[in-house]
Amino acid sequence: MDDGRRYLTPAEAAAALRVSTDTVLRLVSSGELPAPRVSPRVIRIPMPAFDAFQAGRRPAKRRVVTRHVETEPALGIDERAAEPVTSR
């Protein structure tokens with residue numbers, strides 16, 4: 001399916017896979033077929049993700065990485081930070 005398009009609708013993906021649109025939407029919601037939600041009611045499936053799914057490859061799920069940044073408290077002009085307490 002290479003006609004120069006970058007995205008498919010769920011109905012077009014369902015027709016290409018020979019399944020129902022509900023099945024495609026279930027695959028999208030489970031994360032098996034990655035697809036961004038363009039608006040609350042519009043979903044588009046990127047062609048590379050669709051081609052990989054159709055070939056039997058599953059996309060790797062990406063982990064969400066959170067970084068904890070140590071921040072120092074904001075001090076006034078004449079304020080100093082308390083000295084750290086060290087245990088003996």
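The values are calculated or read from the model by the stated rules, or taken from the named source; none is laboratory data. These numbers were taken from a predicted model, which means no experiment stands behind them. No Cβ is skipped: glycine too gets one built from the backbone with ideal geometry, and neighbour counts run over all protein chains shown.
Summary of values
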read-out	value
Close pairs (9 angstrom Cβ cut-off, 6 or more residues apart or separate chains): in contact (Cβ under 8 Å) with a residue 12 or more places away in the chain and closer than 11 Å to Gln54 by Cβ in region 11-28, surrounded by fewer than 14 Cβ atoms within 10 Å (Cβ to Cβ) and not polar (S, T, N, Q) anywhere	Ala13/Val19; Ala16/Met1
Among (1) assigned to a loop (DSSP other than H, G, I, E, B); (2) at pLDDT 90 or above, the one test that Asp22 misses	(1)
Selected residue (criterion: nearest to Arg6 (Cα to Cα)) from residues of region 16-51 that are polar (S, T, N, Q) and surrounded by fewer than 11 Cβ atoms within 10 Å (Cβ to Cβ)	Ser39
Unmet criterion (only one of (1) at pLDDT below 90; (2) assigned to a helix (DSSP H, G or I)) for Phe50	(1)
